[in-house]
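See structure below.
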């Protein structure tokens with residue numbers, strides 16, 4: 001049975017400008033009833049809808065907008081991961097939460113790989129229930145403020161300032177595509193930064209030059225040696241100045257060149273990639289058409305392009321069926337050479353390596369190539 | 001406490017775990033030996049095996065013959081080695097690093 005519950009009016013003095021709508025999916029009616037009562041206590045007084053199957057949940061989502069979907073994992077016919085996988089694709093803006101009694105690291109990993117916002121274990125004590133409610137209220141609150149997606153809309157500078165102002169001792173892990181950097185904070189001071197090839201202030205400036213990406217706040221590392229001694233304001237100011245200076249000539253250069261992403265630029269990019277150690281050939285292919293876009297050092301580009309696109313598509317479909325998360329890379333090892341296939345938006349990147357290159361070297365070089373490709 | 005007890009109620013339905021272990025397939029894609037738990041759907045395992053065979057064959061067609069390949073997913077890894085016309089396939093679920101929070105910036 002599906003139902004809609006409009007919360008209770010205990011907090012009569014509290015009026016939200018617009019009420020959130022939560023959709024709960026669980027095959028157990030008793031659980032649904034219980035959650036409805038619990039979620040009815042939230043200060044934001046959300047409208048709570050419930051349903052007992054994934055298919056019905058998707059139908060609900062198609063018929064009206066919701067702020068949050070909370071799904072159980074263990075359900076017959078379509079399990080929670082399947083539901084969330086479909087929901088993520090069809091409703092990318094919808095907040096999603098897993099609420100499960102199945103305590104398993106693998107499911108947590110897979111849920112986050114699919115892109116759920118939060119993975120919660122079913123609460124067992126009064127304290128856990130309160131934590132659960134706080135988490136849900138927080139998720140809803142983030143949406144009210146335009147998204148945390150609030151934090152997503154902030155720049156890395158804002159995030160760093162927040163860490164400093166909160167006197168945090170932590171490590172901020174920042175990833176931009178395949179590039180990764182870390183910034184160490186100690187009691188609100190920036191003490192160290194590192195990227196794959198830089199450390200100290202240089203690394204900090206490099207990380208700050210990344211315009212988009214993901215970050216993770218990791219536990220502090222008290223033993224980390226200090227390599228940065230400037231205040232965070234001074235560091236951020238220097239970074240801003242350096243970026244302004246770098247942007248000015250770049251803008252001037254971009255005008256006569258006209259098409260920076262044109263065929264010449266792409267050929268130059270491939271040629272630059274070919275200079276990485278052990279690289280034998282490089283090829284990019286348009287995934288929709290399975291046609292070689294640019295290649296360097298390949299004897300049969302059309303054939304390799306078709307193979308690369310078909311293979312990546314095949315493994316993407318397989319990954320989706322298994323709910324294994326996004327496909328990040330396929331590495332092939334042969335007696336003549338090795339090959340790395342990397343799916344990029346609308347493009348497949350195929351890099352051939354000499355056969356004496358080890359898997360580890362190949363992985364590292366592919367990371368560097370992707371970083372170079374992204375920049 | 002009656003309400004709290006409800007939380008521990010287990011449903012009989014369950015979620016498929018990602019498979020862990022290895023199996024061999026012959027040149028026709030039939031599974032010969034497997035260490036993957038029996039409860040994992042066999043058709044999906046067969047599909048993985050056939051994908052592996054197809055990869056080796058299509059790579060030869062593209063003049064890039066492979067003896068081994070690794071497919072990296074966010075939560076899973078598939079490793080396949082060619083084996084006398086068939087293949088041996090290793091399936092490894094990945095794990096998240098514990099104790100961190102994550103989000104995005106723009």
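The values are calculated or read from the model by the stated rules, or taken from the named source; none is laboratory data. Keep in mind the model is a prediction, meaning the values are calculated, not measured. Note that we place each Cβ from the backbone using ideal geometry, even for glycine, and neighbour counts take in every protein chain shown.
Quick notes
- The numbered conditions (1) assigned to a helix (DSSP H, G or I); (2) more than 24 Å from residue A:316 (Cα to Cα); (3) within 13 Å of another protein chain (Cβ to nearest Cβ) are all true for residue A:57 except (3).
- For region A:100-117, residues that are more than 10 Å from chain B (Cβ to nearest Cβ) and either within 16 Å of the chain's Cα centre (by Cα) or not in a loop (DSSP other than H, G, I, E, B) (or both) total 1.
- Search result, residues across region A:301-328 that are more than 8 Å from chain B (Cβ to nearest Cβ), farther than 23 Å from residue A:354 by Cβ and under 22 Å from the mean Cα position of the chain (by Cα): A:313, A:316, A:317, A:320
- Test set (1) at pLDDT 80 or above; (2) within 30 Å of residue A:70 (Cα to Cα); (3) within 13 Å of chain B (Cβ to nearest Cβ) - residue A:176 fails condition number: (1)
- Within region B:29-68, the only residue that satisfies the criterion of being exposed (fewer than 14 other Cβ atoms within 10 Å of the Cβ) and at positive phi is B:63.
- Annotation note: of A:331, A:294, A:289, A:280, the sole residue that is in a strand (DSSP E or B) and away from every other protein chain (no Cβ under 12 Å) is A:294.
- Of the set (1) outside any helix (DSSP H, G or I); (2) away from chain B (no Cβ under 14 Å); (3) modelled with pLDDT of 85 or more, all apply to residue A:73 but (2).
- Only one of the listed residues (A:93, A:82) is within 22 Å of residue A:326 (Cβ to Cβ), surrounded by fewer than 24 Cβ atoms within 10 Å (Cβ to Cβ) and away from every other protein chain (no Cβ under 13 Å). That residue is A:93.
- The residues of region B:69-96 that are surrounded by 21 or more Cβ atoms within 10 Å (Cβ to Cβ), at the interface with chain A (Cβ under 10 Å from one of its Cβ atoms) and touching a residue at least 60 places away in the same chain (Cβ under 8 Å) amount to a single one, B:91.
- Some residue of region B:47-60 being in contact with a helix residue (DSSP H, G or I) (Cβ under 8 Å, 6 or more places away or on another chain), more than 10 Å from chain A (Cβ to nearest Cβ) and either over 30 Å from residue A:126 (Cβ atoms) or at pLDDT 95 or above (or both): no
- Contacts under 8 angstrom Cβ, first residue in region A:130-148 being within 12 Å of residue A:44 (Cβ to Cβ), partner assigned to a helix (DSSP H, G or I) and at pLDDT 85 or above, 6 or more apart: A:133/A:38; A:133/A:39; A:136/A:39
- Taken over region A:213-239, the criterion of being part of a helix (DSSP H, G or I) and in contact (Cβ under 8 Å) with a residue 12 or more places away in the chain is satisfied by A:232, A:235, A:236, A:238, A:239.
- Hits in region B:5-26 (condition: at pLDDT 70 or above and farther than 23 Å from residue A:83 by Cα): B:21, B:22, B:23, B:24, B:25, B:26
- Check on residue B:44, closer than 30 Å to residue A:25 by Cβ and either within 7 Å of another protein chain (Cβ to nearest Cβ) or in a loop (DSSP other than H, G, I, E, B) (or both): yes
- Enumeration of residues in region A:21-54 that are in a helix (DSSP H, G or I) and within 14 Å of residue A:84 (Cα to Cα): A:54
- Subset of region A:119-143 that is more than 10 Å from every other protein chain (Cβ to nearest Cβ) and touching a helix residue (DSSP H, G or I) at 6+ places or on another chain (Cβ under 7 Å) - its residue that is nearest to residue A:321 (Cα to Cα): A:120
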